[in-house]
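J.: Attaching a single structure in structure tokens format; questions to follow.
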Amino acid sequence: MNNFAFLATRREYRAFSKDCIDAEAAFQNSYDSCVKLVRTAVDAAIKWVYTTEKKLSGMSDDLFALISNPPFEQLIGKSLAKKLHYCRKLGNSAIHNEKEFSAVEAQNCLKNLFEFVQWIDKRYGKNFEPRTFSSPLDDAELLQTELLGMKLSTPIFAASGTFGFGEEFENFVDLKRLGGVMVKCITLNPRRGNDGVRITETPSGMLNCIGLENPGVETFLTEILPRIKDKMNVIVNVSGSSIDDYGELARLLDVDGVAAIELNISCPNVKDGGIIFGTDETQAAKVTSAAKSATSKPVIVKLSPNVTDITKIARACESAGADCLSLINTLMGMEINVHTWRPTLGNITGGLSGGAIKPVAVRMVWQTAQAVKIPIIGMGGIRSAEDAAEFFLAGASAVAIGTANFLEPSITMKLADDLINYLRGCGLKNIRELVGRIKIDNV
């Protein structure tokens, strides 16, 4: 990127040229800094126009007032004025550390600034040359891939139970840029969830025992799916108390707007002594088969880590027709209040997630990738591009972000941006080149 390099030789623009060049340079290191510096450059460039354009009056230190001034807006046009307001608004947020900005937002600010500088040069410059903005995100194709027949902008999904139904995150995330959203778990009938304390923070993670609270499949199909189906790839996570439940849910969800079905098998089979579906290979296979026979949609089976050998469960699900595996679900954990001597959680035990479980998740993805041929979506403690890269190297074709969404609602966008930089630094042309590339010396 050298969109503003020409300004260095144009002495007439020295009042704002350095700010423009610095803003573009900052993109490579910090999107927040880039957005801040774009605001500074916009302010300087606008004041230069006010000083140069004799017809303008109303010089002010209030950037909003400068852009909104009717004579100035008429001079540059409403469209360009709107773009400058965008830079001002994001710049103010960056200055006050209100959020972390994505590469797309930083690029939009740079592009708007570039358009304004081009306008300035065309109107006031002595040797104007039309220039085209060079996008710093031309490498976006690095993350483009395909999974289960879906063409993905990125191989980054939002994990079930941490992202609602997706629409709750619209103000923070470009939902179309996600590989998909694994929506909140759905059951045949509405569930109110567990009583008492449901969530507690732990060192580098959290315990939860929400209890699969959800509105039920009928409400999901009639009220929720129509609102979200065109906004993203919808992967519906489902749970049941019997094998028949999974089959019926798969049948009901075989509708337009559902991209795939994810089976949450970390639940007890109440008709077979309460055995957890996901801890028994026979039960896991039966659930998978029931769902596959009832739907034309791809079926993803979400594996539980609370087993001795996860590869046995993985192979059983693959043999039963699973199209993809997602792992890992939460690890069973518990916390006791040392002051009351009682369990913290209302359900006594809960699922442990967050950074603390990442090494376990990476190990299980690596083991599973060697045992099956179907694709894997890796998850468990991912908080950075480097974390995600570990899962790809271990053999995952895609990753899902869970607990980190609570800490930083826009984390998926930042992770996508950083993953592009990581791949570029490795000299790779596409994320697929990273999958399963772990190097292990012969022993």
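J.: Residues of the range 153-183 being over 10 Å from residue 235 (Cβ atoms) and of a type in the set (Val, Ile, Thr), which ones?
T.: Listed by number, the residues that qualify are 154, 156, 162, 173.
J.: May I ask you to list the residues in the range 119-134 that are surrounded by fewer than 19 Cβ atoms within 10 Å (Cβ to Cβ) and not hydrophobic (A, V, I, L, M, F, W, C)?
T.: Within the range 119-134, 122, 123, 124, 125, 126, 127, 129, 130, 131, 132, 134 qualify.
Here's the yes/no breakdown for (1) within 24 Å of the chain's Cα centre (by Cα); (2) at pLDDT 95 or above:
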{"site": "206", "(1), (2)": "yes, yes"}
{"site": "212", "(1), (2)": "yes, no"}
{"site": "215", "(1), (2)": "no, yes"}
{"site": "225", "(1), (2)": "yes, yes"}
{"site": "231", "(1), (2)": "yes, no"}
{"site": "237", "(1), (2)": "yes, yes"}
{"site": "246", "(1), (2)": "no, yes"}
{"site": "249", "(1), (2)": "no, yes"}
{"site": "252", "(1), (2)": "no, yes"}
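J.: Go through the residues of the range 324-335 one by one and say whether even a single one is surrounded by 24 or more Cβ atoms within 10 Å (Cβ to Cβ), touching a Ser or Thr at 6+ places or on another chain (Cβ under 6 Å) and polar (S, T, N, Q).
T.: Yes, some residue in the range 324-335 is surrounded by 24 or more Cβ atoms within 10 Å (Cβ to Cβ), touching a Ser or Thr at 6+ places or on another chain (Cβ under 6 Å) and polar (S, T, N, Q).
J.: Next question. In a helix (DSSP H, G or I), on the phi < 0 side of the Ramachandran plot, surrounded by fewer than 20 Cβ atoms within 10 Å (Cβ to Cβ) and free of Cβ contacts under 8 Å to residues at least 12 places away in the same chain: does that describe residue 44?
T.: It is false that residue 44 is in a helix (DSSP H, G or I), on the phi < 0 side of the Ramachandran plot, surrounded by fewer than 20 Cβ atoms within 10 Å (Cβ to Cβ) and free of Cβ contacts under 8 Å to residues at least 12 places away in the same chain.
J.: Within the range 154-170, which residues are in a loop (DSSP other than H, G, I, E, B) and either free of Cβ contacts under 8 Å to residues at least 24 places away in the same chain or closer than 11 Å to residue 231 by Cβ (or both)?
T.: Those that are in a loop (DSSP other than H, G, I, E, B) and either free of Cβ contacts under 8 Å to residues at least 24 places away in the same chain or closer than 11 Å to residue 231 by Cβ (or both): 164, 165, 166, 170.
J.: Still on this structure: Does any residue of the range 338-347 turn out to be surrounded by fewer than 16 Cβ atoms within 10 Å (Cβ to Cβ) and of a type in the set (A, V, I, L, M)?
T.: The answer is yes, given that some residue of the range 338-347 is surrounded by fewer than 16 Cβ atoms within 10 Å (Cβ to Cβ) and of a type in the set (A, V, I, L, M).
J.: Something else about it: Give the number of residues within the range 297-312 that are within 27 Å of the chain's Cα centre (by Cα) and assigned to a loop (DSSP other than H, G, I, E, B).
T.: Number satisfying all stated conditions: 6.
J.: Quick check on the range 13-32. Is at least one of its residues among the aromatic types (Phe, Trp, Tyr), closer than 26 Å to residue 417 by Cβ and either touching a residue at least 40 places away in the same chain (Cβ under 8 Å) or in a loop (DSSP other than H, G, I, E, B) (or both)?
T.: Among the residues of the range 13-32, at least one is among the aromatic types (Phe, Trp, Tyr), closer than 26 Å to residue 417 by Cβ and either touching a residue at least 40 places away in the same chain (Cβ under 8 Å) or in a loop (DSSP other than H, G, I, E, B) (or both), which makes the answer yes.
J.: Kindly indicate the residue of the range 165-195 that is surrounded by fewer than 16 Cβ atoms within 10 Å (Cβ to Cβ) and of a type outside the set (D, E, K, R) and also nearest to residue 251 (Cα to Cα) among those meeting that condition.
T.: Looking only at the range 165-195, we keep the residues that are surrounded by fewer than 16 Cβ atoms within 10 Å (Cβ to Cβ), and these are 168, 170-171, 176, 189-190, 192-193, 195.
Going one step further and asking which of them are of a type outside the set (D, E, K, R), we end up with 171, 189-190, 193.
Working: 171: 33, 189: 15, 190: 18, 193: 24 Å.
This residue is 189.
The values are calculated or read from the model by the stated rules, or taken from the named source; none is laboratory data. Small disclaimer: the values here were computed from a predicted structure and weren't measured. Here Cβ is always computed from backbone atoms with ideal geometry, including for glycine, and neighbour counts include all displayed protein chains.
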